[in-house]
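Here's the structure we're looking at; comments come further down.
Since every read-out is calculated from the coordinates, none of them should be taken as a lab result. Since the structure is predicted, the reported quantities are computational estimates derived from the model, not experimental observations. Glycine also receives a Cβ, built like all others from the backbone with ideal geometry; neighbour counts cover every protein chain displayed.
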Amino acid sequence: MQLAPLDWGIIILFFAIFILIGLLVAKKSGKDSKSFFLSDRNMPWWLLGVSMVATTFAADTPNFVAGVIREDGVFGNWIWWSFLLTGMLTVFFYAKLWRKSGITTDLEFYELRYSGKSAAFLRGFRAIYLGIFFNIVIMANVCLAAIKIGHVMFGLSSIEVLLIASPVVVIYSAFGGLKGVLLTDFVQFIIAMVGSIWATIYIVNMPEIGGIKNLLSTPAVAAKTAMLPDFSKPELLVPLLIVPLAVQWWSVWYPGAEPGGGGYIAQRMLAAKDEKHATWATLFFNFAHYALRPWPWIIIGLASIIIFPNIESLQAAFPDLNPSFVKNDLSYPAMLTFLPAGLLGIVITSLIAAFMSTISTHLNWGSSYVVNDFYVRFIRKEANGKEQVAVGRISTVLMMVLAALLALILEEAREGFDLLLSIGAGTGLLFILRWFWSRINPYSEIAAMVISFLIAAFFFINGKMENPLVEMEGYWQLVLGVVVTTIGWVMVTLLTKPSNKQTLETFNNLIFGNQSKFKGFGMKILGFFAGVFGVYCALFSIGNFIYGNNLLATGLCAVTLLCGFLIIKSFKKTDL
């Protein structure tokens, strides 16, 4: 397809804006690591919350959702909707604790909470494991989506896409630090939402679709619109609803939905003005991420079933694309090829913005681990602020290169999602309990990390073999990984000594003061359930308004408002 001059003008304009933002804040962000990675801890909740949402709106996210819709239907999204419970746990129990800790990265927590050489080893190892290895896998998935979009929209090869997209995001990430990332995230989120909603309205009203009523009444589409799986079909109910809600949300570590908070979510909470701003930022993120944003992607995914009913039709539409890339997640960018000039430029810009917001966050977050938790902690403790920033900028560039290379190997967004889930399976409960259970120690975390990784590696390799050693559905692999890993780290915890008493007392005094660890738990639990039900009701209310079920949608909207009242009441009772 050919882009009109108007489309190119829109794309170039926003590229220039993003680079300009990075350059404008470069001087202030580059004075020391605190400014570069935490923006002087003075960020307001609304900017941090929008940044969290923008970061999780990766270029691969719409592709992933469209692929899920085509394979399982709308209810297939419970594999990630279930993580709302994790997010609300962070809002009511952990956001305040993270901000009170006063640390620079969440990995610094290890030497605050644990004692001895094992704590130092854990911090350094996790810096490399998460900051480089895990981080590169995530960014490679985002780059994979960019490759597919670049080929479909521009006819570019994989190498050409990466050579064009990577330098811009590296420039403003390396120069602007976290503040540059936050400001560009804000612009990118607005572009992304406008683009996805406008594109959805246009696509639904195309003659081939015939409006929302005709779309939803088409038999192939109607079979995919249910928001809950058929309870009489355990083959759907168990993997897509029961396992995510009963096991996955509390037991699996996944970026952006870490049990107890962590990663770039923790980075933003640590950059907040105070504990209230950290909490409100996380609440806004969970509401916007799960309730406001998914429906444009869902509707385009449903519409793609009419235009591209199967994989063969997608392959026929893009014969020059490597067949290994032609999966159901290709349907989202394929549908965007029908957009007119102007709108096409905005939507492509929104996808570029989604790509850059996620990559920039992961680059800044990953480099913060490399600098603060590895380089300064173990290599050069005397490194000054400018040297730390320089190392952060170098690591930013190197991680982008490695992620781009890995993207050339992956094939589908869901493959990467499943791999990350399996690697983190069984570690989640530890991250939830370590703030409150004093027996948990560095060996607990090391055991959880090693066991979960070995199990994930076994099943990943097993799945690639022509004659697998074990035949097991993916969701049972996840459950087995959770059970074995959880039993493993709990046994290690009970067989090893906790951190020394002085370290535990210092930690508890800093985080909880003279108050009980469990003060206000009743109101926090009330807020947690109100948050979960409120956001789910908002999600289903929007969906039912789209489906034309206005009475049910209005009732769900009323429940959302009631839950909002209970959340505010909970905040007042717990000083938030």
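If the chain linking T554 and F154 were pulled fully straight, counting 0.36 nm for each residue of separation and taking away their Cα-Cα distance, it would gain 139.8 nm.
One quarter of the surface of the convex hull around the alpha-carbon atoms of the range 365-449 equals 7.8 nm², the direction-averaged projected area.
Using only Cα atoms, find the angle between the long axis of helix 5-24 and the longest principal axis of the chain, and express it within 0 to 90 degrees, rounded to the nearest 10. Here the helix axis deviates by roughly 10 degrees.
Per residue of the chain, the DSSP helices (runs of n ≥ 4 H) give a summed -39500 (n - 2.57) that works out to -22000 deg cm²/dmol at 222 nm.
At a Förster radius of 41 Å, what calculated FRET efficiency corresponds to the Cβ-Cβ distance of T337 and A223, to the nearest 0.05? Walk me through the numbers on the way to the answer.
On the way: r = 25 Å, r/R0 = 0.62.
Calculated value: 0.95.
Computed from label points 7 Å out along Cα-Cβ, the spacing between D40 and I311 is 5.4 nm. Of the cross-linked pairs K100/K519; K524/K569; K224/K464; K100/K381, those separated by over 18 Å at the C-alpha level are K224/K464; K100/K381. Converting phi to 3J(HN,Hα) with the Karplus coefficients 6.51, -1.76 and 1.60 and the offset θ = phi - 60°, the range 195-210 yields x, 5, 5, 4, 4, 4, 4, 5, 5, 4, 8, 5, x, 5, 9, x Hz in sequence order, with x at every glycine or proline.
Of T337, T279, the sequence from fewest to most neighbouring Cβ atoms within 10 angstrom is T337, T279. Evaluated at 20 °C with a viscosity of 1.002 mPa s, what Stokes-Einstein diffusion coefficient in µm²/s does the range 58-104 have when Rh comes from the Kirkwood expression over alpha-carbon pairs? My calculation gives 167 µm²/s for D. Computed from phi, the 3J(HN,Hα) profile of the range 132-137 under the Karplus parametrisation 6.51, -1.76, 1.60 (θ = phi - 60°) reads 10, 4, 5, 4, 5, 4 Hz, with x in place of Gly and Pro. The spread of Cα positions in the range 239-304, taken along each principal axis and listed from longest to shortest, comes to 44, 27, 15 Å.
What ³J(HN,Hα) values, in whole Hz, does the Karplus curve 6.51 cos²θ - 1.76 cosθ + 1.60 give for the range 479-492 when θ = phi - 60°, with x put for Gly and Pro? Residue by residue, the range 479-492 yields 4, 4, x, 5, 5, 5, 5, 5, 4, x, 6, 5, 4, 4 Hz. Under 20 Å of direct C-alpha separation, and excluding same-chain neighbours fewer than eight residues apart, K501 reaches these lysines: K117, K517. Ordering I542, I12, I300 by the number of other Cβ atoms within 10 Å of each residue's own Cβ, fewest first, gives I12, I542, I300.
Sorting D185, D72, D40, D7 by the number of Cβ atoms found within 10 Å of their own Cβ, with the fewest placed first, yields D40, D72, D7, D185. Close amide H contacts of A425 (hydrogens built in the peptide plane, cut-off under 5 Å, sequence separation of 5 or more or a different chain): W253.
Using a simple spin-label model with pseudo-atoms 7 Å out from Cα toward Cβ, F545 and N467 lie 5.8 nm apart. Averaging the Cα positions of each part gives two centres, and for the range 71-105 and the range 502-567 these lie 11 Å apart.
Divided by 2.2 N^0.38 Å, where N counts the residues, the Cα radius of gyration of the range 273-314 comes to 1.94. Mean projected area of the Cα convex hull of the chain, taken over all directions, amounts to 25.3 nm².
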